[in-house]
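Trainee: Take a look at this one; I'll ask things after.
Only the coordinates and a few stated rules stand behind these numbers; no lab work does. In this text, all values refer to a predicted model and were calculated from it rather than measured experimentally. Here Cβ is always computed from backbone atoms with ideal geometry, including for glycine, and neighbour counts include all displayed protein chains.
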Amino acid sequence: MLLYLVRHGDAETLAPSDDERTLSEKGRKVTAGMGELLHNAGFPVPDLILASPLPRANETARIIAQTFAPKVGIETSDALRPSRSIEGAMNLVASKQETCETLMIVGHDPLLSCLVSALICGANVPTIEMKKSAVALFEIFQFDAPRMRGVLKAFLPPRLGKNV
């Protein structure tokens, strides 16, 4: 399975609660640029996009879908909330291995930085930082949580989305 990990874009700082924050104008622009970059570079389109239910992640997923994968469905999962465990996210990925050749997850830090680090080297702490709007693409070869592993195929920092 190919697995995209996408951190939500830059979010507004003012909101009644952290759970209600939406993307800033910068976040929408960079996220759209990342979607265009994925499309223009011919990256494989996901079969499904899974997003955290928080507005900033859901909005990021919709923007990526518009520019990169307009026919792909978006589902939400509580397993992708910022405070959730990497094992929960790994179990979510593993549950889709029979139905998805390519899966995209849109979520938050520290979950995504921990997941990227765990997939590469089994680290329990983040060794690679997923900045806002960053995209990592993995080929997953071992699906058992918590020992899920993959090969990093691409890492796209958000500055690339600013140039599209």
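Trainee: When only C-alpha pairs under 8 Å and at least 6 residues apart count, what is the relative contact order of the chain, in percent?
Mentor: Details: 379 pairs, mean separation 51.6, N = 164.
About 31 percent, as a whole number.
Trainee: Whole Å is fine, so just give me how far the alpha carbon centre of segment 115-164 lies from that of segment 14-64.
Mentor: Using only Cα atoms to place each centre, the spacing works out to 17 Å.
Trainee: Treat the count of other C-beta atoms within 10 Å as a stand-in for reagent exposure and order Val72, Val6 from fewest to most. Walk me through the numbers before you get to the answer.
Mentor: Details: Val72 16, Val6 28.
Least to most surrounded, the residues fall as Val72, Val6.
Trainee: Let me ask you something else. Order 7-13, 79-85 from most to least packed using the mean count of other Cβ atoms within 10 Å.
Mentor: Result, highest mean Cβ count within 10 Å first: 7-13, 79-85.
Trainee: What translational diffusion coefficient, to the nearest whole µm²/s, does segment 1-119 have by Stokes-Einstein, given a Kirkwood radius computed over alpha-carbon pairs, a temperature of 4 °C and 1.567 mPa s viscosity?
Mentor: My calculation gives 91 µm²/s for D.
Trainee: Here's another thing I want to ask about it. Starting at the first residue of segment 45-50, write each ³J(HN,Hα) from the Karplus equation 6.51 cos²θ - 1.76 cosθ + 1.60 with θ = phi - 60°, in whole Hz, x for Gly and Pro.
Mentor: My calculation for segment 45-50 gives 6, x, 7, 7, 10, 10 Hz in order.
Trainee: Write down the percent of antiparallel bridges among all DSSP beta bridges whose residues are both part of the chain, to the nearest 5.
Mentor: That works out to approximately 50 percent antiparallel.
Trainee: Calculate for the chain the 222 nm mean residue ellipticity that helices alone would give, adding -39,500 (n - 2.57) per DSSP H run of length 4 or more and normalising by residue count, nearest 500 deg cm²/dmol. Walk me through the numbers on the way to the answer.
Mentor: On the way: 5 runs with 55 residues, N = 164.
Only helices count here, giving -10000 deg cm²/dmol.
Trainee: With 23 Å as the limit, write out which pairs from Lys132/Lys153; Lys96/Lys162; Lys96/Lys131; Lys71/Lys131; Lys29/Lys96 have Cα-Cα distances beyond it, or answer none.
Mentor: Lys96/Lys162; Lys96/Lys131; Lys71/Lys131; Lys29/Lys96
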